[in-house]
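The values are calculated or read from the model by the stated rules, or taken from the named source; none is laboratory data. Predicted model only: the values in this text are computed from it and were never measured. Because the Cβ atoms are built from the backbone with ideal geometry, glycine has one as well, and the counts that use them run over all protein chains shown. We work out accessible area using only protein heavy atoms, side chains counted, and drop any ligands, DNA or RNA first. Shrake-Rupley method; radii C 1.70, N 1.55, O 1.52, S 1.80 Å.
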Amino acid sequence: MNYLIPQEAVLGKKCKLTFSGHETFPFRYTWLKKVVDAVSKDEFFFNKETALSDLGVGKNMVYSMRHWGKLTGMIQEIDDKERGRSYEITEFANKLLSDGGWDPYLEDTATLWLLHWKICTNLEKATTWYFAFNCLAQIEFTKEQLIHELTSFAEANEFITSVKSIDRDVSCFIRTYVASKKTKQSVHEDSLDCPLTELSLIEEFGQHGLYVFSRDQQQDLPDEIFTYALIDYWDQHHSAKGVLSFEDIAYGLGSPGLVFKINEDSLAYRLDSLEKLTNGDFRYDETSMLRQVYRVKKVDPEKYVRKYYQ
């Protein structure tokens, strides 16, 4: 297995990597809503012993719920020297998961695509998730191969961690996207599986521990959510550019093409619809030699999330 690009180009500069925090638990259907509700009522909720009984789970699971709340951008930490560490819900979480919000119980697949995007574009806090979707050249892998690649990646970037930590992280990553065999036929709210298994982005092949990315047209990914991701990618990685190449959007690190695993034909089709969807804010131009997207003006990516839900 090889990287899509040289290791040193992945980071560009040394930065923190993370192979822990989830306590080996992928997030479950009700977790993010519970976290948002708890923090909205008490900013010090996660500092209190009563968090265990209030959430009805063990200590490790409380830590995991807090981790996923932060990673998905639902809560953010406030470090006040006088008052101590506390948390607040984000504006996005309030719009999405509050009572009467866009999708408080993760019933819309669009929400799952949004959460997937937020997780898999976060190299520092979700290194395995980012690496697997953005840096692996092949569409298939085994758990052992991924552990090996991540270990080499960490060493190349002078990040000290143990193989055991990476092993646990990879196990959690796989369970985020691959449903347990007993529930594959019926994913529901009370399932112990992660909601992101519904996206079918990774499939287990046979009985030999081989996992395969589903690089497809991703029919249940709404155009508005794709557009949100495109603008977010543009702002994060190419903010000074007024033009992006098709190759950047398809294969750039942290790009919609890689993170959503969209095949080239389907990506071109989506980009061709961009001008109509954005009322001319973006335009796709395709010639025999060149395929590019032009940004006519900068817009807030959340505009298209609102457009979808409203």
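What residue, among those in region 147-171 that are in a helix (DSSP H, G or I) and open to solvent by 40 Å² or more (accessible area, probe 1.4 Å), is nearest to residue 27 (Cα to Cα)?
Per the criteria, the residue is 168.
Taking region 252-291 on its own, how many of its residues are of a type in the set (Ser, Thr, Tyr), over 13 Å from residue 226 (Cα atoms) and crowded, with 16+ Cβ neighbours inside 10 Å?
1
Does residue 223 meet the test of being open to solvent by 50 Å² or more (accessible area, probe 1.4 Å), among the acidic types (Asp, Glu) and out of contact with any His (no Cβ under 9 Å at 6 or more places or on another chain)?
Here the answer is yes, as residue 223 does meet what is asked.
Out of everything in region 104-126 that is over 15 Å from residue 68 (Cβ atoms) and open to solvent by less than 10 Å² (accessible area, probe 1.4 Å), what residue ends up being farthest from the chain's Cα centre (by Cα)?
It comes out as 110.
Is it true that some residue in region 70-90 is open to solvent by less than 50 Å² (accessible area, probe 1.4 Å), touching a Gly at 6+ places or on another chain (Cβ under 9 Å) and either in a helix (DSSP H, G or I) or modelled with pLDDT under 95 (or both)?
Yes; the residues of region 70-90 include at least one that is open to solvent by less than 50 Å² (accessible area, probe 1.4 Å), touching a Gly at 6+ places or on another chain (Cβ under 9 Å) and either in a helix (DSSP H, G or I) or modelled with pLDDT under 95 (or both).
Residue 247 is checked against (1) touching a Leu at 6+ places or on another chain (Cβ under 8 Å); (2) open to solvent by 60 Å² or more (accessible area, probe 1.4 Å) and fails just one. What number does that condition carry?
Of the numbered conditions (1) touching a Leu at 6+ places or on another chain (Cβ under 8 Å); (2) open to solvent by 60 Å² or more (accessible area, probe 1.4 Å), the odd one out for residue 247 is (1).
Residue 60 versus (1) over 20 Å from residue 193 (Cα atoms); (2) at pLDDT 95 or above: which is the lone unmet condition?
The one condition residue 60 does not meet is (1).
Name the residue that is farthest from residue 136 (Cα to Cα), counting only residues in region 202-229 that are among the aliphatic types (A, V, I, L, M) and either touching a Lys or Arg at 6+ places or on another chain (Cβ under 6 Å) or touching a residue at least 40 places away in the same chain (Cβ under 8 Å) (or both).
Once the filter is applied, the top-ranked residue is 225.
Output the qualifying pairs, or none if there are none: Cβ atoms under 6 angstrom, residues six or more apart or on different chains, first residue in region 269-294 and assigned to a strand (DSSP E or B), second residue among the basic types (Lys, Arg).
Partner pairs satisfying both residue conditions: 282/295; 294/283.
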